[in-house]
Amino acid sequence: MPDRPSLGISKRKQPRQARSSDLVAAILEAATQVLAEVGAERFTTARVAERAGVSIGSLYQYFPNKAAILFQLQSDEWRDTTALLAGILQDRTTMPGDRLRAAVHAFVRSECAEAAMRRALDAAAPAYRDAPEAAEPQLAGTQAFRDFLREALPAVPEADLQVAGAIIAMTLGEVGERISEAARTQAAVEASAGALADMLCAYLDRLRSLGRAGASS
């Protein structure tokens, strides 16, 4: 059965009862399994409905097309990662440099643990990446770093913090992905994560120095 055409990738409706939430959870779990097994090109709503044990009509009550399901899987992954990083970066009982280092290591470990699913979702990205909804979850990760920098570097101008937050988020994402593809042992993962953390912590120190110089001038 071909996927139903639709212009959007947002859910048709949000589950409001436990039964509806369970149905959506079953669909997404089935979608994860189907994507892992057959890849993005052969991923269809019919396969997902069959695996979930629901009718295609029930699936379409919540997801208008396969792009909506794939986007939900991706956005859930983005939000889980953002929550992980934000929890570390917001811990004010720890020095900023130590927080950034811990966040880098946690992110790289997460990337390595989920490398296979990430590759499958990357292959599926053309189905939804141009939709307006796709920008919001990614921006949340950048905002987590901007909030961290704003608290850690109060003397640095806001415009510089905006740029720095985006640079850190992009660097972490790109290099973290490369590490997950190249590293073959846990020791190699930790060594690469440590090198990346050293680089970003040096950048943090540089920003701090520039902020102090600007405040004293």
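Taking every alpha-carbon pair within segment 13-64, the share separated by more than 16 Å comes to 35 percent. Per residue, the chain exposes 53 Å² of solvent-accessible protein surface, assessed with a 1.4 angstrom probe and all protein chains in place.
The dipole here belongs to segment 13-64: it is taken about the Cα centre, uses +1 on the Cβ of Lys and Arg and -1 on the Cβ of Asp and Glu, and is about 220 debye.
Counting only alpha carbon atoms, the long axis of helix 66-89 and the longest principal axis of the chain meet at about 30°. Computed from Cα positions, the angle between helix 96-113 and the longest principal axis of the chain comes to roughly 30 degrees.
Extending 7 Å from the Cα toward the beta-carbon at both ASP80 and GLU151 defines two label points whose distance is 2.4 nm.
Here the dipole of the chain is about 400 debye; that uses its Cα centre as origin and unit charges on the Cβ of Lys and Arg (positive) and Asp and Glu (negative).
Averaging sequence separations of C-alpha pairs under 8 Å and six or more residues apart, then dividing by the length of segment 13-64, give the relative contact order as a whole percent.
39
Just add up the charged neighbours of VAL189: K/R +1, D/E -1, any other residue whose Cβ is under 10 Å from the Cβ of VAL189. With Lys, Arg at +1 and Asp, Glu at -1, the neighbours total 0. Choose one of GLY57, MET117, MET95: the residue whose Cα lies farthest towards the positive end of the charge dipole of the chain (beta-carbon charges +1 Lys, Arg; -1 Asp, Glu; about the Cα centre). My answer, from the dipole projection, is GLY57.
Angle of helix 18-38 to the longest C-alpha principal axis of the chain, folded into 0 to 90 degrees and rounded to 10: 80°. Computed extension gain for MET199 through THR171, at 0.36 nm per residue and net of the alpha carbon distance, reaches 9.1 nm. What shape does segment 67-215 have by the C-alpha gyration tensor, where a ≥ b ≥ c are the square roots of the eigenvalues, rounded means a/c under 1.5, and otherwise prolate means a/b greater than b/c and oblate the rest? Cα axes put segment 67-215 in the oblate bin.
The values are calculated or read from the model by the stated rules, or taken from the named source; none is laboratory data. From a predicted model like this one, the values you see are computed outputs, not experimental measurements. Here Cβ is always computed from backbone atoms with ideal geometry, including for glycine, and neighbour counts include all displayed protein chains. For accessibility, only protein heavy atoms count, side chains too; no ligands or nucleic acids. Shrake-Rupley method; radii C 1.70, N 1.55, O 1.52, S 1.80 Å.
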